[in-house]
Amino acid sequence: MKRALSFVTRNWPLKVGAVALATVLYAGLVLSQNARTWSGQVPIEPLNQPAGAFLLDDPGVVTLIRLYAPPDLASLITSQDFQATIDLAGMDATSGAEPEVVPVSVTALDPRIQVIDFRPRQVAVRLDPIETKIVPVAVDHGTVPPGLQVGDAEITPASAEVRGASTLVARVVRVVARVTIDPNGINVDDDVALTAVDERGEAVAPVDVVPDIAHVRIEVTAQAASRSVPVAPQLTGTVAAGYRVAAVSVAPATVTVSGDPAALAQLQAVPTAAIDINGRSSDLERTVALAPPSGVTVIGATTVSVTVDVVAQQGSQSYTVGLTLSGAHADRTYQLSAASVLVTLGGSLPTLSAIDASRLTATLDVAALEPGAHTVTVTFTPPAGTSLVAISPASVTVTVAVVATPSPTP
């Protein structure tokens with residue numbers, strides 16, 4: 001028994017040290033066998049951010065964590081089991097400042113999990129002062145579908161406030177409401193979200209826009225077509241009796257119009273405003289406005305010059321004209337087969353209607369006629385502005401006799 005006790009107590013410090021070293025080595029072996037690498041993502045949350053400051057840079061995520069945990073728990077670990085943070089207390093918010101490196105802290109939320117190491121250990125961030133400014137609101141409707149055209153956009157409100165980091169706010173030149181034009185030609189009338197953009201039209205984020213919604217109205221119609229059509233003067237009334245419209249000319253004779261394709265397809269000519277010719281007996285020249293139908297617009301000048309040529313109507317008219325003798329001798333008698341003739345005159349109707357038939361005479365030349373029956377041609381001189389068309393009859397039989405000498409009185 002003594003020998004056994006002596007063996008145990010001999011060199012006991014060395015034996016105790018050997019046992020302790022073996023224990024440490026065993027514990028390290030056990031721990032190293034339980035240590036694992038988790039390669040999920042844990043968002044880094046900023047803490048103690050100063051008031052009136054904006055964190056310009058996204059801290060990012062922790063992407064690698066070394067830990068040890070019980071085997072039954074290790075396979076169930078998710079990002080919800082950790083919290084990654086950076087502490088911004090004491091940082092200054094300065095516009096345009098250089099990034100500042102801050103340490104990252106990772107904590108296991110489950111006490112059975114022990115974090116050994118993680119990456120990244122630190123990140124670079126910048127704090128920027130918060131500013132606001134007023135910018136105009138614009139509409140971006142993109143490409144208009146073929147066959148459609150859009151009117152001017154109406155947007156309410158016309159301006160908005162942009163709030164955020166001074167570096168970002170300085171880039172904002174306007175906020176836009178982006179809409180899409182329906183290929184079916186439906187009008188835009190809706191509330192649209194607003195986006196802050198820079199001078200190149202690229203979105204600037206993150207910034208706050210107040211208000212963040214605007215109401216947009218855009219009228220969408222079929223794309224206007226154009227074509228050249230003749231001008232049709234519109235005459236009203238009637239010219240004076242005996243006159244007629246000989247010609248109507250217009251300058252320019254054609255105009256270019258635009259409008260709905262369906263309306264243009266049915267348009268044969270563009271009418272003018274009414275031109276009154278009632279009672280006219282002379283030419284007319286006037287500048288008149290064009291009167292296109294609804295949905296059609298005249299491109300360019302909207303007036304034309306119209307000339308109306310008014311002329312007297314030509315015709316003929318017959319008159320009963322008495323006969324007179326030319327060259328009759330006092331010692332002879334003349335018996336006519338007709339006391340009058342029918343004279344037909346040609347000329348303008350106003351001139352013919354103004355002739356007094358009672359003042360017309362036809363002539364028979366009897367100066368050279370000897371006693372007996374003779375056929376004498378009727379002569380007639382037409383009034384000024386007329387022409388002789390016909391005389392009926394053209395000749396008359398004249399019977400000439402000598403006047404008998406009376407017997408002397410006893």
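For segment 351-371, enumerate the residues that are within 17 Å of Ser392 (Cα to Cα), touching a residue at least 40 places away in the same chain (Cβ under 8 Å) and among the aliphatic types (A, V, I, L, M).
Leu360, Ala362, Leu364
What is the one condition in (1) in the same structural domain as Ile275 (by TED's automatic domain parsing); (2) surrounded by 12 or more Cβ atoms within 10 Å (Cβ to Cβ) that His215 does not satisfy?
Of everything listed in (1) in the same structural domain as Ile275 (by TED's automatic domain parsing); (2) surrounded by 12 or more Cβ atoms within 10 Å (Cβ to Cβ), His215 misses just condition (1).
I'd like to check something: does segment 123-141 contain any residue that is among the β-branched types (Val, Ile, Thr) and modelled with pLDDT under 90? Please lay out each step first, then the result.
Within segment 123-141, the subset among the β-branched types (Val, Ile, Thr) is 123, 125, 130, 132, 134-135, 137, 139.
Next, from what is left, pick out any that are modelled with pLDDT under 90: 130.
Yes, segment 123-141 contains a residue that is among the β-branched types (Val, Ile, Thr) and modelled with pLDDT under 90.
Take the residues in segment 276-293 that are among the small types (Gly, Ala, Ser) and closer than 17 Å to Ala232 by Cβ, then tell me which one is surrounded by the fewest Cβ atoms within 10 Å (Cβ to Cβ).
Filtering first and then ranking leaves Ala289.
Could you list, in sequence order, the residues of segment 202-225 that are more than 18 Å from Ile155 (Cα to Cα) and over 22 Å from the mean Cα position of the chain (by Cα)?
First, the residues of segment 202-225 that are more than 18 Å from Ile155 (Cα to Cα): 202-208, 221-225.
Result: Glu202, Ala203, Val204, Ala205, Pro206, Val207, Asp208.
Here is a check on your reading of the model: is Leu264 of a type in the set (A, V, I, L, M, F, W, C), under 30 Å from Leu290 (Cβ atoms) and without any contact (Cβ under 8 Å) to a residue 60 or more places away in the chain?
Taking the combined requirement at face value, the residue satisfies it.
Report, ordered by the first and then the second residue, all pairs with beta carbons closer than 9 Å, sequence separation of six or more or different chains, a first member in segment 215-227 that is under 21 Å from Leu264 (Cα atoms) and free of Cβ contacts under 8 Å to residues at least 24 places away in the same chain, and a second member that is surrounded by 15 or more Cβ atoms within 10 Å (Cβ to Cβ) and polar (S, T, N, Q).
Close Cβ pairs (under 9 Å, with a partner that is surrounded by 15 or more Cβ atoms within 10 Å (Cβ to Cβ) and polar (S, T, N, Q)) do not exist here.
Hey, any hits in segment 104-114 for a residue that's more than 56 Å from the chain's Cα centre (by Cα), under 22 Å from Ala53 (Cα atoms) and surrounded by 15 or more Cβ atoms within 10 Å (Cβ to Cβ)?
yes
List the residue pairs whose Cβ atoms are under 7 Å apart, where the first residue sits in segment 43-65 and is within 21 Å of Glu131 (Cα to Cα) and acidic (Asp, Glu), the second is assigned to a loop (DSSP other than H, G, I, E, B) and at pLDDT 85 or above, and the two are 6 or more positions apart or on different chains.
So the pair list comes out as Asp57/Pro99; Asp57/Arg126.
Being closer than 21 Å to Val239 by Cβ and among the hydroxyl-bearing types (Ser, Thr, Tyr) is the filter here; which residues of segment 294-306 pass it?
Correct list: Ser305 only.
So Glu154 ticks every box in (1) within 30 Å of Leu56 (Cβ to Cβ); (2) surrounded by fewer than 16 Cβ atoms within 10 Å (Cβ to Cβ) but one. Which box is left unticked?
For Glu154, the failing item is (1).
Across segment 201-223, what is the number of residues that are within 15 Å of Arg178 (Cα to Cα), of a type in the set (Gly, Ala, Ser) and not in a strand (DSSP E or B)?
1
What number goes with the only condition from (1) surrounded by fewer than 18 Cβ atoms within 10 Å (Cβ to Cβ); (2) more than 56 Å from the chain's Cα centre (by Cα) that Ile134 does not pass?
So Ile134 meets the others, but not (2).
The values are calculated or read from the model by the stated rules, or taken from the named source; none is laboratory data. Quick caveat, the model's predicted, so the values are computed rather than measured. Don't worry about glycine lacking a Cβ; one is built from the backbone with ideal geometry, like all the others, and counts go over all protein chains shown.
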